[in-house]
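The values are calculated or read from the model by the stated rules, or taken from the named source; none is laboratory data. From a predicted model like this one, the values you see are computed outputs, not experimental measurements. Using ideal geometry, Cβ is built from the backbone for each residue, glycine included, and neighbour counts are taken over all protein chains shown.
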């Protein structure tokens, strides 16, 4: 009987974890809070690694095929990476889409859901990116004015 209870608990736990809602974060969550501030040092939020998260941002396409975007930079505001200097590495996310995003134009506001990891890389001499996501879902951001400051028009 005890083994049966354990098995039921285990199945419930696995089922719940498989359908867990991704944690919705904002750009401030990519920067870990520390009591010591060191100018010039870029820190990453290691608690996000391998977590299913959802984050809003703007699309800067890197690899396209037809109308689909296979990979892109997710940036916190319009014009990031085009203007000098680009945002800090802990404020840029390189996104590989499971299936191409068929967006209409550059700088579209979107929500990206997927697994996050820390992976510092230089992307086409545009910027040094610190985060990478395998996007399982990309959707248009349809937020209300005032919810996220960088999405206010």
### Message
Given the criteria within 18 Å of residue 61 (Cβ to Cβ), in contact with a helix residue (DSSP H, G or I) (Cβ under 8 Å, 6 or more places away or on another chain) and touching a residue at least 12 places away in the same chain (Cβ under 8 Å), does residue 86 qualify?
### Response
no
### Query
Looking at segment 105-129, which of its residues are out of contact with any strand residue (DSSP E or B) (no Cβ under 6 Å at 6 or more places or on another chain), within 26 Å of residue 41 (Cβ to Cβ) and without any contact (Cβ under 8 Å) to a residue 12 or more places away in the chain?
125
### Task
Within segment 2-20, identify whether any single residue is part of a loop (DSSP other than H, G, I, E, B), within 23 Å of residue 115 (Cα to Cα) and at pLDDT 65 or above, and answer yes or no.
yes
